[in-house]
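Structure, as structure tokens:
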Amino acid sequence: TTQRIAAGLFEYIQDFSYGIQLASYYLPGHFLPHVRMMRTGREDVADAILFGCAYVAGRGPRRFGTVLLNYNWQIWDCRAFSLYAGTTETIEPATASTAIHAILRFMWAKGMLTAVQEEAGMLQAGVVVDEDRMVAVKAPRAGILMTEVHPGQKVAQGQVIARILHSYEGRTVSEVKAPCHGTVFFARNR
């Protein structure tokens, strides 16, 4: 059934030039606003930069990636972009505004709109990152997570980025430290 629905959808949108997915992530948390593309050989980094987000992330498809919207749009010759802005499970005015302005900047830059440049903000060059080079940091034990840093903050190797509290006593039972220098890109909130 889901394959028939997908086939019907892609038949309808097969002539579209661009596809923008307002994406969520399978883990709850906060992201730095960014555009993500799957590397299929059809991705377009130059167009992704037109969204004006600070980061453009790309990665090759994984085993489950071939069923994702971004990948399939590209296979159907659509320039596909997944826009991640802030949280994943709630609507926040600042996050929604970030996503709207990114889409308006892209549309203005591509000539689809003519009167939004001032409202959407000027374009800025995005930093292109390879998602495979990102480092996942996991807590060494269970407990209540208390983060010390937020997406966008720079961290130094060895810096405490979170504490794990004992769930009954409230005392720190473990510290989570940054394994390398970098910028926090995503932080779980549970």
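Observations on the structure shown:
- Sequence-distant contacts, meaning Cα pairs under 8 Å at least 6 residues apart, place the relative contact order of segment 33-109 at 39 percent.
- The mean sequence separation of alpha-carbon pairs under 8 Å and at least six residues apart, normalised by the residue count of the chain, gives a relative contact order of 23 percent.
- For segment 22-35, 3J(HN,Hα) per residue [Karplus equation, 6.51 cos²θ - 1.76 cosθ + 1.60, θ = phi - 60°, Hz, x = Gly/Pro]: 7, 8, 10, 10, 6, 10, x, x, 10, 10, 6, x, 7, 10
- Over all other residues within a Cβ to Cβ distance under 12 Å of Ala80, the charged ones net out to 0, with Lys and Arg as +1 and Asp and Glu as -1.
- Seen against the Cα atoms of the chain and their longest principal axis, helix 93-109 is set at about 40 degrees.
- Share of carbon and sulfur in the accessible area of segment 27-86 stands at 57%, probe radius 1.4 Å.
- Where the Cα pairs of segment 42-95 fall when distances are cut into 5 Å bins, in %: 4, 16, 23, 21, 20, 12, 3
- Cα gyration tensor shape of the chain, rounded if a/c is under 1.5, else prolate or oblate by comparing a/b with b/c: prolate
- Its residues counted as N, segment 7-49 yields a C-alpha radius of gyration over 2.2 N^0.38 Å of 1.44.
- Principal-axis analysis of the Cα atoms of the chain puts helix 2-13 at an angle of about 50° to the longest axis.
- P(r) tail fraction, segment 1-104 - alpha-carbon pairs more than 15 Å apart, %: 63 percent
The values are calculated or read from the model by the stated rules, or taken from the named source; none is laboratory data. All figures in this text were calculated on a predicted structure; none of them were measured in a lab. All Cβ positions, glycine included, derive from the backbone under ideal geometry; neighbour counts span all protein chains shown. Protein only, heavy atoms only, side chains kept; ligands, DNA and RNA dropped before computing areas. Shrake-Rupley method; radii C 1.70, N 1.55, O 1.52, S 1.80 Å.
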